[in-house]
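What follows is a set of notes on a single structure, which appears directly below.
Readers should treat all values here as calculations from the given coordinates under stated rules, not as data from a laboratory. No experiment lies behind these values; they were computed from the predicted model shown. Using ideal geometry, Cβ is built from the backbone for each residue, glycine included, and neighbour counts are taken over all protein chains shown.
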Amino acid sequence: MSAADSNDDTAVAKTPSGSQTLFRGLDLLDVVAESGTIALPALAKQLGLTRSTTHRLATALVERRLLSQAPREGYSLGSKLLELGYLASQQMDLPRVARPHLEKLWDDTEDTVHLGVLDADRALYLDKLTGRRRINISSRVGDRQPVRSTGLGKALVLDDDEERWRSLYRSEGPPAPGAPDEKRWMEWMRDYAKRGVAFDMEENEDRIRCVAAPIRGASGQIVGAISVSGAAQYMDDERLAALVDDVRDTANAIGRDLGWNGKRLAR
């Protein structure tokens with residue numbers, strides 16, 4: 001055993017060996033994840049450990065399929081991580097993850113808060129916290145509402161291309177009196193996509209306005225959206241503008257809990 005190995009093993013003995021080994025193993029996985037495939041000498045150098053200690057940690061992770069090893073190439077992430085990632089995504093139920101954030105937003109705004117996802121070209125409402133202003137908003141959990149006229153629906157498709165937007169607009173048939181025509185609606189969508197928020201200006205329900213923002217998952221794709229809705233008398237242009245940061249920040253916080261790293265996919 002080299003002097004370096006002896007010193008390294010002595011350091012391990014001075015601290016709880018199980019926890020230190022665990023943290024070193026997690027650090028090792030982080031380095032491999034950032035590097036792609038990495039050889040043992042470079043891996044040891046980045047970790048600040050001896051080669052023998054690094055080799056012991058990596059071997060244990062290979063045995064558990066958390067790492068894979070290719071001769072003359074080095075280590076890369078293992079297939080077990082794919083299994084764990086899939087299970088984590090299944091267990092990370094969007095309404096459950098979002099609920100504490102929705103409650104805080106509801107508490108701060110006193111208005112109706114919605115959570116929804118895209119379902120067959122419609123906005124499907126997964127959760128609703130009714131506002132305190134005694135204003136009746138007809139939405140219900142389980143409702144499927146048009147993308148074209150709802151803030152939530154628009155927020156769900158902000159990453160889509162213009163051909164897709166036109167298709168969604170036209171699928172709803174002729175606009176109702178007072179609703180935006182296709183040209184104006186497309187202008188709105190371009191602006192919403194740049195800002196990362198969308199609005200409902202009494203398009204879906206008379207005298208009801210809302211501001212909405214998309215939720216992004218670990219891949220950076222939009223996986224849901226939230227909105228704050230209220231009566232137009234409480235939702236003038238100034239208040240809608242004031243709500244933008246709160247709604248967008250809440251959506252981003254939910255995204256981070258889902259594993260989003262803060263980067264948007266290029267449109």
Where the only charges are on Cβ atoms (+1 Lys, Arg; -1 Asp, Glu), what is the dipole of the chain about its Cα centre, to the nearest 20 debye? 620 debye
Name the shape class, rounded, prolate or oblate, that the alpha-carbon gyration tensor gives for segment 46-159, where a ≥ b ≥ c are the square roots of its eigenvalues, rounded holds for a/c under 1.5, and otherwise prolate holds if a/b is larger than b/c and oblate otherwise. prolate
Please state the shape class of segment 112-230: rounded when a/c is under 1.5, otherwise prolate if a/b exceeds b/c and oblate if not, all from the C-alpha gyration tensor. oblate
Neighbour cut-off at most 11 other Cβ (10 Å), DSSP loop, trypsin sites (Lys or Arg not before Pro), segment 78-168: Arg134, Arg140
Gain upon complete extension [Arg72, Ser219; 0.36 nm per residue less C-alpha separation]: 49.8 nm
Past 22 Å, Cα to Cα: identify those pairs from Lys128/Lys263; Lys154/Lys263; Lys194/Lys263, in the order given. Lys128/Lys263
Note to self, the chain gives a 222 nm [θ] from helices alone (DSSP H runs n ≥ 4, -39500 (n - 2.57) apiece, / all residues, nearest 500) of -15500 deg cm²/dmol
Please list, ordered by chain and number, the residues whose modelled amide H lies under 5 Å from the amide H of Ser149; skip anything fewer than 5 residues away on the same chain. none
If amide H atoms are modeled at 1.01 Å from N in the peptide plane, then the residues at a separation of 5 or more from Leu77, or on another chain, having amide H under 5 Å from its own are Ser68
On average over all directions, what projected area in square nanometres does the chain have, based on the convex hull of its Cα atoms? 18.4 nm²
Can you put Ser68, Ser171 in order of Cβ neighbours within 10 angstrom, beginning with the fewest? Ser171, Ser68
What is the sum of charges, Lys and Arg at +1 and Asp and Glu at -1, for the other residues whose Cβ falls under 13 Å from the Cβ of Asp119? 0
Go through Gly151, Pro95, Tyr169 and say which Cα lies farthest out towards the positive end of the charge dipole of segment 92-257; charges sit on Cβ, +1 for Lys and Arg, -1 for Asp and Glu. Pro95
Take every DSSP beta bridge with both residues inside the chain and express the antiparallel ones as a percent of the total, to the nearest 5. 100 percent
